[in-house]
1. Considering only A:95, A:107, A:76, whose Cα is most displaced toward the positive end of the charge dipole of the range A:44-108, charges sitting on Cβ of Lys, Arg (+1) and Asp, Glu (-1)?
2. In whole Hz, what ³J(HN,Hα) sequence does the range B:150-157 give by Karplus (6.51, -1.76, 1.60; θ = phi - 60°), x for Gly and Pro?
3. Report the label-to-label distance for residue B:67 and residue B:192 in nanometres (one decimal), using points 7 Å from each Cα along the Cα→Cβ vector.
4. Just need the relative contact order of the range B:32-118 here, percent rounded to a whole number, with Cα pairs under 8 Å and 6+ apart.
5. For the range A:154-209, which GluC sites (Glu not before Pro) are both in a DSSP coil and crowded by at most 14 other Cβ atoms within 10 Å?
6. Tell me the distances, shortest first, between residue B:110 and the same position across the other copies, using label points 7 Å along Cα→Cβ, in nm to one decimal.
7. For the range B:186-205, list residues with backbone N below 17 Å from a point placed 7 Å from the Cα of residue A:111 toward its Cβ?
8. May I ask for the longest run of chain A untouched by trypsin sites (Lys or Arg not before Pro) that are loop-located per DSSP and have at most 14 neighbouring C-beta atoms (other than their own) within 10 Å?
2 protein chains.
Amino acid sequence: MKYNSKELKELPARFRGAMMNCISGFKSASLIATKSKSGVSNLAIFNSVHHIGANPPIMGFILRPLTVERHTFENIIETGYYTINHIHSDIIKKAHQTAAKYDKDQSEFSEIGLDEDYIDDFPAPFVKSAKIKIGIKYLNHYEIKENGTVQVLGSAEEIHFPEEIQADDGWLDLAKADTVAINGLDSYYKAEKLARYTYAVPEKMPEKI
Amino acid sequence: MKYNSKELKELPARFRGAMMNCISGFKSASLIATKSKSGVSNLAIFNSVHHIGANPPIMGFILRPLTVERHTFENIIETGYYTINHIHSDIIKKAHQTAAKYDKDQSEFSEIGLDEDYIDDFPAPFVKSAKIKIGIKYLNHYEIKENGTVQVLGSAEEIHFPEEIQADDGWLDLAKADTVAINGLDSYYKAEKLARYTYAVPEKMPEKI
């Protein structure tokens, strides 16, 4: 199957949207949790959390254009903090439902039935049932002028995960935490490890670790 | 297991790097192919290709700081074109090996044993054995000032995939094309579909499509 530039432009918007959201490959599956200044918690699914750097530890995510209310972003700007919580297979249906347009005075946590977790004095709620959770401090955001999307950056202030998923060299086996991957806007995949390879050098092919 | 901000800072750089590259969740697995003005092809693995928009169709990827030679980026700026090719399970070892530091006059295609494919008059090579391939025209890049990484944006000019992976509404089942997901810098996962859900609305829980 081939679509060229002209054919892509002429496709119905929904069809093109469904296809183009898949064509970039598998994505991370995260719930981003925040709390407004007035105390209402918010929970929203994102498939765009990505790694920016390890030193300092910086993570990014992409927001759609700010032409409609974006409760997650408003809360981040108001309070300066948010959490990223990995989605595992037991909560994919509830996680998907956080994409529904609830009002700003409704908390997706209580509407959908996921519990908030406040750890020590971190200012944003975590998702209690999540196995991998990251507390983030907002750093900056960049508007992507080509289409008005926004890249939001934050620094990882604390991370939580089950000890048994970590290897001696720091690496984490996400499959052991049952973290899922997202394809497109609406489909969820379980991951099974095929191989981990040694650092690549020109002289020889990598070996399995 | 918990690491706070102070503990993260004090970890050995490699340990922190291995961990932080996993903590953002599963990532896309792509080979980006380019050709220099002088005619040398280049192939490099990226785990940071992401969706920016469907209308117009824009995809991004993240480059590490431009403090060392970045052949992929140099070729993109020189020629204006590149291709994104999904990695499937049969080529993960070869794909991983493209991360080795080959000289600029060496083509990773021939060094590693992956065939180039020139489709119609598209100016950059595709990976012949890849099942999902996207021809991209460079649009812009943004420097992320927090750590010097660069987000490169391009528009999808043509896309190729096996017809049987597409649903009637445009959605693509990446597992049917055997597209893998990456965890961290060096591990490759097979994906198995758990569920695809209907569009989320507040009144009721989503159903499987």
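The values are calculated or read from the model by the stated rules, or taken from the named source; none is laboratory data. Keep in mind that what you see is a predicted model, and the values were worked out from it rather than measured. All Cβ positions, glycine included, derive from the backbone under ideal geometry; neighbour counts span all protein chains shown. In case anyone asks, the SASA skips ligands and DNA or RNA and just uses the protein heavy atoms, side chains included. Shrake-Rupley method; radii C 1.70, N 1.55, O 1.52, S 1.80 Å.
1. A:95
2. Coupling constants for the range B:150-157: 10, 9, 9, 10, x, 9, 6, 9 Hz.
3. Output for this residue pair reads 4.3 nm.
4. Numbers: 98 pairs, mean separation 32.3, N = 87.
With pairs under 8 Å counted, the relative contact order is 37 percent.
5. Working: sites: A:157, A:158, A:163, A:164, A:192, A:203, A:207; in loops: A:203, A:207.
In loop regions of the range A:154-209 (DSSP not H, G, I, E or B), the sparsely surrounded GluC sites (Glu not before Pro) are A:203, A:207.
6. Values, ascending and in nm: 6.8.
7. B:198-205
8. Details: sites that count: A:37, A:101, A:104, A:128, A:145.
Longest stretch, sites excluded: A:146-209.
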